[in-house]
Amino acid sequence: MILVTNIIGLLLFFFVIWWFWFSTPRVQKVDSKIIDVLVDNGVYTPSPIEVKQGQELTLRFFRKDASPCAEKVIFENWNLSADLPVEQATEIKIPTEEKGEFIFTCQMQMYRGILKVI
Amino acid sequence: MTKKARLSINGLSCAGCVNTVETALRGVAGVEQASVNFAEHTAFVEGDVAVEQLLDAVKKAGYEAAELKDESDTEQKQAAEFAHYKQLLKQAIVAGAVGAPLFVLGMGGFLPELSTASGQLVWFGIGLVTLFVMVYSGRHFFKGAWHSFLAHNANMDTLIALGTGTAWIYSLIITIAPDTVPKLAQHAYYEAAVIIIALINFGSALEMRARGKTSEAIQRLIQLQPKTARVVRDGKELDIAIGQVGLGETLRVRPGERIAVDGEVIDGHSSVDESMLTGEPMHVEKQQGDEVAAGTINVSGTFLFRSKRIGAETMLAQIIQLVRQAQSSKPAIGRIVDKVAAVFVPTVLLIAIVTFLVWFNFSENDSISLAIVTTMTVLIIACPCALGLATPISIMVGVGKAAELGVLIRNGEALQGAAKLTTIVLDKTGTITKGQPTVTSLDAADGATEEQLLQLAASLEQGSEHPLASSILKAAHERELNLFEVEAFHAVSGKGVVGTINGEQALLGNSKLMSEYSIDVSSLDVRSEQLLQQAQTVVYLAQAGKLIGIVAVSDPVKEDSRKAIKSLIKLGLKVVMLTGDNHKTAQAVANSVGIKHVISEVLPEDKENQIRKLQENNEVVAMVGDGINDAPALARANIGFAIGTGTDVAIESADITLMGGSLYGVIDAITVSKATIRNIKQNLFGAFIYNSLGIPIAAGVLYPVFAVLLNPMIAGAAMAMSSVTVVLNANRLRVMKSGREQ
């Protein structure tokens, strides 16, 4: 019993490290000019989003979560942000001239999304 | 997803244009339907398309377009927030109503032992009831935690779901099979799980209420926008929704009404209260040709104006946009915290696992029970919210407060920069002075007349954009003088203008220009000296190599400049005046307002260099100017302040824009910035201390020595209150006094 508990504990410990820091969720490749992003349950869906460099891109955020955490989305790299009214779509035009991985978050960084420009 | 957009189209002159615009709109990929209403000059578009693409298409077809929006967003937002607040309260009450009696019964020893079959049955029943409560009151935590987990992300939901979930599952295990743990550890934590959920929901509800106040400033700005407007169409006056007002329409404003969109007065006159945009209490006189801004109040007369900017283009909309943008930005201090916040929750998970294993392996008695309690408490007490909220919530209130005072702060960097300034460089014209120069005297040289002097000077100034030019032209206009045609006109930077009038070369400018062309000005030396001592600007006029006379121009100092400069010096700042004007005039102005450091006779292109020199002496420099002529200097300075009055200020040009035109705005900007940065530091300090003390105590570090173990329910209450405290502290910024009130 003691041994099993310890093994499970250690496995959990390494799982947390691997899952949150060393593995990434499946990337959604997108060709369309407009991508609908759902803001609900503490996550942006889809995320990560992968787009091609120079591709015209508008992210259309649809906020379902009424908690104040979700009320803003911020793209720190480009100094872009938008208020997201509940049950409404909000469009943000995204520059894709530069390659790289860009994080978008809520004000408190609890909601986190990734945009990959390749 | 299909969405609908309404556009205002300007330039539709015939029914044929309707076709052109409709075809252009239908040509945009994603548009399903587009129809243009010729009578209303609007277009209605449906389809899966970005509005910018629609606007581009209309522009390419040769028309102007703007999006028309309903301003019901605010009410919708408030309604949604209130519904969520009520929901959270309801969930808190339900969980509390079940958890509190269980807690009291347990403490009073009224609940049965788990070691008997009947006791097990009672506890199983309690387990089921609490499960329902957890599903009703806490499902958002579990849903959030699960979705975040799938996205390889962890947040507050993760911690609460794991904390309460662990407590409940452990309790269920020992309810079903109590013998799997030692007798001492046979204690269920159902009530703790639901009380924690009650407390955290209650805390979130409180936080939401307090948060509503943090965005009051922007709400107030949004509410300045009237919902209807009175337009004059085909000679008839109609009250219509604001979204239906097009470009180039004639609108009537009656006394006491708010102006609906930006425009230019075409008939009538009145005084307008612009304080809501500029922070300046004085009403502004408006007559034909003057600009009026949406959101300001017409105080006395009735007038007609033509709409020039509507929807998102109005000054008010731009201010709202800028404030919103700034409220979301972070100063460098906040970015460091973001890095911590990003790894915070997984780190707490690791600490929780280690805590469990340490207690499980190294405590003598009751190890499983201690391990469970400490792990649960670690998960519950850790508060990523207080950490994450600390910076944005203060910025939100600080930037909003500044906007109320007529100070627009571009972003968090500007805010942090303004709090660190050591030197303020003030441009003279339009910053210290009113920027409305008037001709005060004309002194003709021997053989010339005053009229001749003014006529020639005004003729030369026709093509000039210098601020002095308008005063000379105005004086000539008042005397109804006819102006000459000027040939070969050119401006000599920092010196004046040169042109040919009636075949003879004419020069208008300062003494440097005169000496460059070897003009003898000695005959008027005494007079010019007198004028300079009186802080007047002296402009020489010469024609055909001979001095014709001097024009004295005076730009009065703003009423509150002296007091404001005194307050800036009191704040410990070095105040410098920078001007292209003659040294004596500059010194006279500086003396009148109490400035000791004067840099005069600076060419416009050299202002930037002067700022650089100050920076090389380790000064953190702010430049205050009109934002148009001083753009390079403003950009060079650590913080550029653009100063303007109401509608004519270039918001885009500076780090901080002072809408009111008073130097008190600089004091307000600095005071708000310092207070906001201090507030952020307090919040961060509190959040860091809370977490770095709370987590070890929750993990039980005090237990071996003092036998003190934190109750998970107290951890829940502390966690709920920590973010409320941060929001309340930020709210203190709302009651700060302005520079004038201090």
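For region B:416-443, give me each residue that is in a strand (DSSP E or B) and either charged (D, E, K, R) or crowded, with 19+ Cβ neighbours inside 10 Å (or both). Selection gives B:Thr423, B:Ile424, B:Val425, B:Leu426, B:Asp427, B:Thr433, B:Val439, B:Leu442, B:Asp443.
Filtered by the rule that a residue be touching a strand residue (DSSP E or B) at 6+ places or on another chain (Cβ under 6 Å) and of a type in the set (Val, Ile, Thr), region B:408-430 gives B:Ile409, B:Thr423, B:Ile424, B:Val425. For region A:90-118, the set of residues classified as assigned to a loop (DSSP other than H, G, I, E, B), at pLDDT 85 or above and touching an Asp or Glu at 6+ places or on another chain (Cβ under 8 Å) consists of A:Thr96, A:Cys106, A:Ile118, listed by residue number.
Being farther than 30 Å from B:Arg410 by Cα and surrounded by 18 or more Cβ atoms within 10 Å (Cβ to Cβ) is true for just one of A:Phe20, A:Phe75. Which residue is that? Checking each option against the conditions leaves just A:Phe20. Here B:Lys86 meets each of (1) modelled with pLDDT under 95; (2) within 14 Å of chain A (Cβ to nearest Cβ); (3) crowded, with 19+ Cβ neighbours inside 10 Å with one exception, condition (3). Filtered by the rule that a residue be surrounded by fewer than 19 Cβ atoms within 10 Å (Cβ to Cβ) and under 13 Å from B:Thr374 (Cβ atoms), region B:682-696 gives a lone residue, B:Pro696.
Listed by first and then second residue, the pairs linking a residue in region B:150-167 that is at positive phi to a residue that is of a type outside the set (A, V, I, L, M), with Cβ atoms under 8 Å apart and 6 or more places separating them unless they lie on different chains, are B:His152/A:Trp19; B:His152/A:Phe20; B:His152/A:Ser23; B:His152/A:Thr24; B:His152/A:Pro25. Scanning region B:603-632 for residues that are free of Cβ contacts under 8 Å to residues at least 60 places away in the same chain and among the hydrophobic types (A, V, I, L, M, F, W, C) yields B:Ile628, B:Ala631. Screening B:Val337 against (1) more than 30 Å from B:Ile169 (Cβ to Cβ); (2) modelled with pLDDT of 85 or more leaves a single unmet condition, (2). Taken over region B:650-704, the residue count meeting the criterion of being part of a helix (DSSP H, G or I) and within 16 Å of the chain's Cα centre (by Cα) is 15. Selection of strands (runs of 3 or more DSSP E) fully inside region A:3-89 by the criterion of at least 3 residues being at negative phi and either facing chain B (nearest Cβ under 7 Å) or hydrophobic (A, V, I, L, M, F, W, C) (or both) returns A:34-40, A:57-63, A:72-75, A:80-83. So, in region B:528-541, exactly how many residues are within 12 Å of B:Asn510 (Cβ to Cβ) and outside any helix (DSSP H, G or I)? Counting residues in region B:528-541 that are within 12 Å of B:Asn510 (Cβ to Cβ) and outside any helix (DSSP H, G or I) gives 5.
Taking the listed residues B:Phe344, B:Phe356, the one that is crowded, with 24+ Cβ neighbours inside 10 Å, within 12 Å of chain A (Cβ to nearest Cβ) and modelled with pLDDT of 90 or more is B:Phe356, with no other qualifying. Selection of region B:314-326 for residues being buried (at least 17 other Cβ atoms within 10 Å of the Cβ) and more than 8 Å from every other protein chain (Cβ to nearest Cβ) yields B:Thr314, B:Met315, B:Leu316, B:Ala317, B:Ile319, B:Ile320, B:Leu322, B:Val323, B:Ala326. Of all residues in region B:129-182, those being out of contact with any helix residue (DSSP H, G or I) (no Cβ under 9 Å at 6 or more places or on another chain), farther than 19 Å from A:Asp40 by Cβ and at the interface with chain A (Cβ under 10 Å from one of its Cβ atoms) number 0.
Taking the residues in region B:68-83 that are at pLDDT below 75 and surrounded by 17 or more Cβ atoms within 10 Å (Cβ to Cβ) as candidates, determine which candidate is farthest from B:Asn201 (Cα to Cα). By that ranking, first place goes to B:Leu68.
The residue that is nearest to A:Gln53 (Cα to Cα), among those in region A:90-118 that are crowded, with 20+ Cβ neighbours inside 10 Å and within 7 Å of chain B (Cβ to nearest Cβ), is A:Arg112.
What about B:Gln455, is it under 49 Å from the mean Cα position of the chain (by Cα), in a helix (DSSP H, G or I) and without any contact (Cβ under 8 Å) to a residue 12 or more places away in the chain? Here the answer is no, as B:Gln455 does not meet what is asked.
Restricting the search to region A:35-65, which residues are among the hydrophobic types (A, V, I, L, M, F, W, C) and out of contact with any Phe, Trp or Tyr (no Cβ under 6 Å at 6 or more places or on another chain)?
A:Ile35, A:Val43, A:Ile49, A:Val51, A:Leu57, A:Leu59, A:Phe61, A:Phe62, listed by residue number.
Looking across B:Val265, B:Val292, B:Val245, B:Val272, one residue alone is touching a His at 6+ places or on another chain (Cβ under 7 Å) and modelled with pLDDT of 85 or more. It is B:Val272.
Note on region B:259-272: residues that are surrounded by fewer than 20 Cβ atoms within 10 Å (Cβ to Cβ) and on the phi < 0 side of the Ramachandran plot total 5. Look at region A:12-35 and say how many of its residues are under 15 Å from the mean Cα position of the chain (by Cα) and at pLDDT below 85. Count: 7.
Can B:Gly138 be described as buried (at least 16 other Cβ atoms within 10 Å of the Cβ) and over 30 Å from B:Arg324 (Cα atoms)?
So B:Gly138 fits the description; yes.
Can you pull out every residue in region B:187-236 that is in a helix (DSSP H, G or I) and hydroxyl-bearing (Ser, Thr, Tyr)? The answer is B:Tyr190, B:Ser204, B:Thr214. Return yes when B:Val94 is of a type in the set (Val, Ile, Thr), surrounded by fewer than 14 Cβ atoms within 10 Å (Cβ to Cβ) and either in a helix (DSSP H, G or I) or within 50 Å of the chain's Cα centre (by Cα) (or both) and no when it is not. Answer is no for this residue.
Taking first residues from region B:363-391 that are closer than 27 Å to B:Arg211 by Cβ and partners that are among the aromatic types (Phe, Trp, Tyr) and assigned to a helix (DSSP H, G or I), the Cβ contacts under 8 Å between residues at least 6 apart in sequence or on separate chains come to B:Ala382/B:Phe344; B:Cys383/B:Tyr690; B:Pro384/B:Phe344; B:Ala386/B:Tyr690; B:Leu387/B:Phe344; B:Leu387/B:Phe688.
The values are calculated or read from the model by the stated rules, or taken from the named source; none is laboratory data. These figures come from a predicted structure and were not determined experimentally. Note: ideal-geometry Cβ built from the backbone for every residue, glycine included; neighbour counts use all protein chains shown.
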